[in-house]
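Novice: What follows is a single structure, and I will ask about it in a moment.
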Amino acid sequence: MSYLADLGEVYLAPNYKREPLVFVKGEGTRLFTDKGEEYLDFTAGIAVCNLGHAHPQLVQVLKEQAELLWHTSNLYYTEPQVRLAKKLVELSFGDKVFFANSGAEAVEAALKLARRWAYQNFGKKKHKFIALKNSFHGRTFGALSVTGQSKYWEGFEPLVPGVVWVEPNDLKGLEEAFDETVCAIIMEPIQGEGGINLLTQEFIYKAKELCQKYSALLIFDEIQTGLGRTGRLFAYEHFGIEPDVMCLAKALANGLPLSAMIAKKEIIDVLTPGSHASTFGGNPLACAVGCKVLEIVSDPTFLEEVDLKGKIIQEKIKALHKKYPEIIKQVRGKGLLIGIEFVIEVKPVYQELLKRRILTTTPKPNVLRLSPPLILNYREIDYCILQLEETIEALKP
């Protein structure tokens, strides 16, 4: 372990299970340690650095903005914030944007918005949320309360009341959960921390239909799936429907803290002065970078490439699945958000890839997640698959 890692053990809170690696530099799809070791990054900071590390255009924008303005507070307008809000609205279903710093904050804003909208239009009785089992929406109290994995609740209960749980893709359970007291349903179109589980078209259509029937809001958490990750700018585009509210974060400023909640005008306008706020939300540095990120990832040619790369990776892993059915159980995902479910515990696979200097993540004990920067090239895809196959060969019974 390096000296810096040792210091981290002493001075940092023990709430993360860190690898004994200290990264000091990033370039494209590569990360470099304080010992000069090079790693191929198939995590992108957990679907954050969609444009890779130290992207030259983003670095230039950040430098230019850093010499102009860092912070004024949201008592005033700033050019980067207004420009980014305009771009998000033009590229999405929404009309107005609220900025914060993290995904959990965007979810908190969406939950508060839903409660306030329902209160103003229908009164106090309409306050319940429907959330999906196996979901993940963040670790603040509101976001945690609609996160459908009990392992995250331990030691923090009681949580915020008024949440009804439904199994993903359970149409009957979904219908039974709705009534006049429901103000909103929140869902990830692809459950990220749940193991890369896709919601079906039928389930999402039914949720939209029931929201309209019971005057409830459809909230999409696109914190992990948004901004080009699935081969579309937003994952909701795959389904041919529009949510009422959408949460974005992670890749919005490619690693700078920035999140957004986007909604229709008639909904978001209930957030009158004093009803909600964020001191650092939408700061000029992050928003300037966010504008350039959106410009790059919204390009149709760029998105077509992401879609193609995702299909190629999935085809190659499905070939491994066919070759090693006793090791690989299933492959799923969209674009460059891919989950490989193993028959065995995934930890030995993860550890061996780490030894081979390939970074991956394990959202579930038997699931390996690949979420590389969207700018990776085809040689890097081939290299990763080769290393994965060699790893599987070594693990064969």
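Novice: Could you check the range 268-372 for helices (runs of 4 or more DSSP H) lying wholly inside it with 2 or more residues that are of a type in the set (Lys, Arg) and over 22 Å from the mean Cα position of the chain (by Cα)?
Specialist: 300-323, 347-355
Novice: Next question. Could you list all residues from the range 265-304 that are of a type in the set (Lys, Arg) and surrounded by fewer than 17 Cβ atoms within 10 Å (Cβ to Cβ)? Break it down stepwise before answering.
Specialist: Let us first name the residues in the range 265-304 that are of a type in the set (Lys, Arg), namely 265, 292.
Result: Lys265, single match.
Novice: Continuing with this model, one more query. Could you check the range 85-114 and list, in sequence order, the residues that are within 30 Å of Lys172 (Cα to Cα) and surrounded by fewer than 20 Cβ atoms within 10 Å (Cβ to Cβ)?
Specialist: Phe93, Lys112
Novice: A follow-up question, please. Checking the structure you have, find out if any residue of the range 178-192 is buried (at least 21 other Cβ atoms within 10 Å of the Cβ) and either more than 28 Å from Phe99 (Cα to Cα) or at pLDDT below 95 (or both). Steps first, answer last, please.
Specialist: Initially, the range 178-192 is screened for residues buried (at least 21 other Cβ atoms within 10 Å of the Cβ), giving 178, 182-192.
Now drop any that are not either more than 28 Å from Phe99 (Cα to Cα) or at pLDDT below 95 (or both), which leaves 178.
Yes, there is a match, as at least one residue in the range 178-192 is buried (at least 21 other Cβ atoms within 10 Å of the Cβ) and either more than 28 Å from Phe99 (Cα to Cα) or at pLDDT below 95 (or both).
Novice: While we're on this one: Answer yes or no: is there a residue in the range 217-239 that is of a type in the set (Gly, Ala, Ser) and under 15 Å from Val146 (Cβ atoms).
Specialist: To start, the set of residues in the range 217-239 that are of a type in the set (Gly, Ala, Ser) comprises 226, 228, 231, 235.
Checking which are under 15 Å from Val146 (Cβ atoms) leaves us with none.
The answer is no; no qualifying residue exists.
Novice: Have a look at Glu64, Glu108 and point out the one that is without any contact (Cβ under 8 Å) to a residue 60 or more places away in the chain, in the same structural domain as Ser278 (by TED's automatic domain parsing) and in a helix (DSSP H, G or I).
Specialist: Working: Glu64 fails: without any contact (Cβ under 8 Å) to a residue 60 or more places away in the chain.
That would be Glu108, the only listed residue that is without any contact (Cβ under 8 Å) to a residue 60 or more places away in the chain, in the same structural domain as Ser278 (by TED's automatic domain parsing) and in a helix (DSSP H, G or I).
Novice: Given the residues Val97, Val82, which is the only one that is without any contact (Cβ under 8 Å) to a residue 24 or more places away in the chain and in the same structural domain as Cys291 (by TED's automatic domain parsing)?
Specialist: On the way: Val97 fails: without any contact (Cβ under 8 Å) to a residue 24 or more places away in the chain.
When all the criteria are applied, what remains is Val82.
Novice: Any idea which of Phe239, Phe220 is touching a residue at least 24 places away in the same chain (Cβ under 8 Å), over 29 Å from Gly28 (Cβ atoms), surrounded by fewer than 24 Cβ atoms within 10 Å (Cβ to Cβ) and assigned by TED's automatic domain parsing to the domain that holds Lys96?
Specialist: Working: Phe220 fails: surrounded by fewer than 24 Cβ atoms within 10 Å (Cβ to Cβ).
After ruling out the rest, the residue left standing is Phe239.
Novice: Tell me the residue from Leu7, Leu69 that is farther than 18 Å from Gly255 by Cβ, modelled with pLDDT under 95 and out of contact with any Phe, Trp or Tyr (no Cβ under 7 Å at 6 or more places or on another chain), please.
Specialist: Working: Leu69 fails: modelled with pLDDT under 95.
So the residue among Leu7, Leu69 that is farther than 18 Å from Gly255 by Cβ, modelled with pLDDT under 95 and out of contact with any Phe, Trp or Tyr (no Cβ under 7 Å at 6 or more places or on another chain) is Leu7.
The values are calculated or read from the model by the stated rules, or taken from the named source; none is laboratory data. Computed from a predicted structure; not experimentally measured. Note that we place each Cβ from the backbone using ideal geometry, even for glycine, and neighbour counts take in every protein chain shown.
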